[in-house]
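Notes follow once the structure below has been shown.
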Amino acid sequence: MSMAVRDIRFADLQMLRYTVGGFARLEPRQKLLVYYLAQASLWGRDILWDQNCRLGLALRSMLEAVYDAHRHGKLTCQDDNEWEAFVTYLRCVWFANGVHHHYAMDKMRPGFSEQFLRDALHSIGYEVDEELMHLVFDPDFMPKRVNLADGEDLLETSSMNYYAPGISQAEAEAFYGKMKTDDPRPPMYGLNSRLERDGEGSLVERVWRSGGMYGPYIDKIVSWLQKASEVCDSPGQREVILTLIDFYKTGDLRTFDRYCILWVQQTDSEVDFTNGFTEVYGDPLGLKASWEGYVNIVDHEATRRAQTLSDWAQWFEDHSPVDPRFKKTECRGVSARVVEAAMLGGDLYPSSAIGINLPNSNWVRQEYGSKSVTIGNLTRAYDEAARGSGFYEEFVLPEALPMVNAPLAAQLDDLHTDLHECLGHGSGQLLPGTDPDALGAYGSAIEEARADLFALYYIADQKLVELGLLPDQDAYRSQYYTYMMNGALTQLVRIEEGRQIEEAHMRNRALIARWALAHTQAMKLVKRDGKTYLEISDYDALRTVVGQLLAEIQRIKSEGDQAAARRLVEDYGVEVDETLHHEMLQRYRALDLAPYKGFINPCYSLVCDKEGKPVDVEIVYGESYDEQMMRYGREYSL
Ligand code: ZN
């Protein structure tokens, strides 16, 4: 593969490339399957941009017009600094799929002047839209994409686009509250729609589907899925794709559940995918899902490792420190695969999860299990970027450094992800009658904490040594150290000074580490030469505390105890100690590393025979970040 184009660094971001080693192994038909599914993964991009902010697509067009004019020599800039700041801003907007930081959710600030942009637009004859100027330059206009601050109207204070302006949180909650019945198999109400007001002022849902909202985009996705359905790995996979097409055509959420059930049972194909309205982190009320799509190829070797865990799922469930009432008596269908990403799209691009566990419907999971993947080639790309960066040398206590730097440590990260995805999310059960959404805005952080705690508890278990997944009983220690260090200290480098912790996964890690600090002497923060470090003196005792918190979090989830969820998250997962935060940022800045990373996709191109019929697919890696973003804007936008 070509590494001619250097992976770029800008603002707080670094772009990485992932390689798809398994692609070469596929037969031509399967390569075509990857190609068609990849196209279907890219066509939902604009839907996501529109979901993130109602002005997102207009903003992108405006910024790209300036960038394009400059590249073609139609725009000359007097001031190189302004131009450089403009390009950085555009790259950040591309990265975030909108004007708000992908992680912090705050609006990003431009480093160039308003005059600069006005002049540039004027010189290329692009009509200035004053609302877009506000969006870029007025910090008080749409300041936050998703606000989760306790006590505020979460819809009024969030500028995501899942609810029409003027709809209050109370109205939306009442609207969806009425849909709740005692149906044991409820669809995920609200998942694929925007809540709006009709002419009479009543609330109505507008649905993303063929002939509905973003219908022409959905039709594009459908047409590529159609092609994919003709080159499937199995009749079962074909049925999965056809059911998804049916869902896109009707927008019917019960069809979506049917698709999820078929999809979760489809575990033997070499090439797999997700495509659709999936995760709800972008909605402050946790109902509406952002569009995402990705394609993957199974990694057989690494899958054996994850499968071993899966095979023992019931054993892990039975032996967890959780109250027996909250345990599944029959743990089924937790399938586990390690895959290589072949294409990332929508909300998984360019910033991606490294492990995915779906579907999200509680009753489908309960009755059919879930499908869990760890994306090995993304983890590998992260790993390679981190090695030798000096990060651990700065933040890890010197006596713990050899342990953390041992070759085994990277493997432990993978094992933690496997445990989190294959066992953690799939473990436990709700008490009969508990509303799956009872934890409200705290649900995501609590669910992630539950999966992480399950992983932390078991990574220290003798069982993993017995199963041949770890060499000895002490091997897990480096994972405890780096996990707790991250939760208590180093993840703070991803937050801007003066801000609190907002994102669900970050809240979960802070919650776990700081709850543990408050509840055991086995771990504490120490000062050396004016620097703060984490010290763990008794790993066994720390594991006991991990088990205690796991039991409590599972209770909260099983009983739907929102008051307790709120207390835990607010007490341990949100606030940031200003002095500590400042210190972390300073030490981190001195290393000159990017706290966030994203991925540049490979390019695929069709090889056709003399009649123009596609017969094979080539993969190419050389595209630069800017080229890729500009191309996606041209080729996957209507
Ligand atoms: Zn998770």
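Bear in mind these aren't lab numbers, they're just calculated from the coordinates by the rules spelled out. What you are looking at is a predicted structure, and each value in this text was computed from that prediction instead of being measured. Methodologically, a virtual Cβ is constructed for each residue, glycine included, from the backbone with ideal geometry; neighbour enumeration extends over all protein chains shown.
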Over the Cα atoms of region 447-585 the radius of gyration and the largest Cα-Cα distance (Dmax), both in Å, equal 15.3, 47
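Over region 251-293, what portion of Cα pair distances is larger than 17 Å, expressed as a whole percent? Numbers along the way, then the final one.
Numbers: 384 of 903 pairs.
Looking at region 251-293, the distances longer than 17 Å represent 43 percent of pairs.
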Percent relative contact order for the chain, counting Cα pairs under 8 Å at least six residues apart, stands at 18 percent
Taking only the Cα positions of region 501-552, the convex hull volume per residue in Å³ is 86 Å³
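Please state the equivalent ellipsoid semi-axes for region 1-131: what are the square roots of 5 times the Cα gyration tensor eigenvalues, largest first, in whole Å? Walk me through the numbers on the way to the answer.
On the way: eigenvalues 210, 66, 50 Å².
Here the semi-axes work out to 32, 18, 16 Å.
Given Cβ point charges of +1 (Lys, Arg) and -1 (Asp, Glu) and nothing else, what value in debye, to the nearest 20, does the dipole of region 10-140 about its Cα centre take?
On the way: 13 positive and 19 negative charges, 213 e Å.
For region 10-140, the charge dipole is close to 1020 debye.
Scale the Cα Rg of region 168-222 by the rule-of-thumb value 2.2 N^0.38 Å and send over the ratio, two decimals.
Working: Rg = 13.6 Å, N = 55, 2.2 N^0.38 = 10.1 Å.
This ratio for region 168-222 stands at 1.34.
Determine the calculated [θ] at 222 nm for the chain from helices alone, applying -39500 (n - 2.57) to every DSSP H run no shorter than 4 residues and normalising by the residue count; nearest 500 deg cm²/dmol.
Numbers: 25 runs with 292 residues, N = 638.
The helix contribution divided over the chain gives -14000 deg cm²/dmol.
Starting from the eigenvalues of the Cα gyration tensor, five times each then square-rooted, give me the equivalent ellipsoid semi-axes of region 174-264, largest first, whole Å.
On the way: eigenvalues 162, 67, 7 Å².
Value: 28, 18, 6 Å, ordered largest first.
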Against the 2.2 N^0.38 Å rule of thumb, the C-alpha Rg of region 375-472 sits at a ratio of 1.34
A chain fully extended from ARG528 to ASP153 at 0.36 nm per residue, minus the present Cα-Cα distance, gains in nm 130.7 nm
Against the 2.2 N^0.38 Å rule of thumb, the C-alpha Rg of the chain sits at a ratio of 0.94
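Using the Kirkwood radius over C-alpha pairs as Rh, can you work out the diffusion coefficient of region 428-495 via Stokes-Einstein at 25 °C, viscosity 0.890 mPa s, in µm² per second? Working shown, then result.
Numbers: Rh = 14.5 Å.
Translational D for this selection: 170 µm²/s.
If you take the C-alpha gyration tensor of region 120-234, multiply each eigenvalue by 5 and take the square root, what semi-axes do you get, largest first, in whole Å? Can you show the working numbers first?
Details: eigenvalues 191, 154, 40 Å².
They are 31, 28, 14 Å, listed largest first.
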dims of region 198-248, Cα set, principal axes, largest to smallest, nearest Å -> 50, 18, 9
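Helix by helix, which DSSP H runs in the chain go 27 Å or more along their axis at the Cα atoms and have an average Kyte-Doolittle hydropathy of -1.0 or more?
Span-like helices in the chain: 539-559.
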Residues whose built amide H sits under 5 Å from the amide H of GLY355, excluding neighbours closer than 5 in sequence, are ILE375
Rounded to two decimals, the Rg over Rh value of region 479-523 from Cα coordinates and the Kirkwood Rh reads 0.98
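Using the beta-carbon distance between ASP318 and LEU408 and R0 = 22 Å, what value does 1/(1 + (r/R0)^6) give for FRET efficiency, to the nearest 0.05?
Values: r = 28 Å, r/R0 = 1.27.
So, using R0 = 22 Å, E works out to roughly 0.20.
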Between PHE391 and SER234, the two model label points (7 Å from Cα along the beta-carbon direction) sit apart by a distance in nm of 3.7 nm
Measuring from its Cα centre, region 354-442 shows a charge dipole (+1 at each Lys and Arg Cβ, -1 at each Asp and Glu Cβ) which, in debye to the nearest 20, is 260 debye
Projected onto their principal axes, the Cα atoms of region 107-157 stretch, largest extent first, over whole-Å spans of 46, 20, 12
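Where Rh denotes the Kirkwood radius from the mean inverse Cα pair distance, what is Rg over Rh for region 564-622?
Details: Rg = 24.7 Å, Rh = 17.0 Å.
Checking Rg against Rh, the ratio lands at 1.45.
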Percent of all alpha-carbon pairs of region 303-361 at distances over 17 Å, whole number, is 56 percent
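If you place +1 on the Cβ of every Lys and Arg and -1 on the Cβ of every Asp and Glu, how big does the dipole about the Cα centre of the chain come out, in debye to the nearest 20? All intermediate terms of the calculation are to be shown ahead of the outcome.
Details: 66 positive and 99 negative charges, 190 e Å.
Computed about the Cα centre, the dipole is about 920 debye.
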Here P(r) for region 533-638, Cα-Cα distances in 5 Å bins, as whole percents, is 2, 8, 8, 9, 9, 10, 10, 8, 10, 11, 6, 4, 3, 1, 0
The answer for VAL615, listing residues at least 5 apart or on another chain whose modeled amide H is closer than 5 Å to its amide H, is VAL607, CYS608, ASP609
Taking only Cα atoms of region 131-180, the Rg to Rh ratio with Kirkwood Rh works out at 1.06
Listing SER234, SER159 by rising number of other beta-carbon atoms within 10 angstrom, fewest first, gives SER234, SER159
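In what order do MET213, MET584 fall by count of nearby beta-carbon atoms within 10 Å, going from fewest to most?
Values: MET213 18, MET584 22.
Result, fewest neighbours first: MET213, MET584.
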Rounded to the nearest whole number, the per residue volume of the convex hull around the C-alpha atoms of region 67-190 in Å³ is 150 Å³
Counted neighbours (other Cβ, 10 Å), sorted fewest up, put TRP224, TRP43, TRP315, TRP94 in the order TRP315, TRP224, TRP94, TRP43
quick shape note, region 191-320: Cα extents on principal axes in Å, largest first -> 57, 42, 20
Between the modelled labels at ASP119 and GLU496 (7 Å from Cα along Cα→Cβ) the distance in nm is 2.6 nm
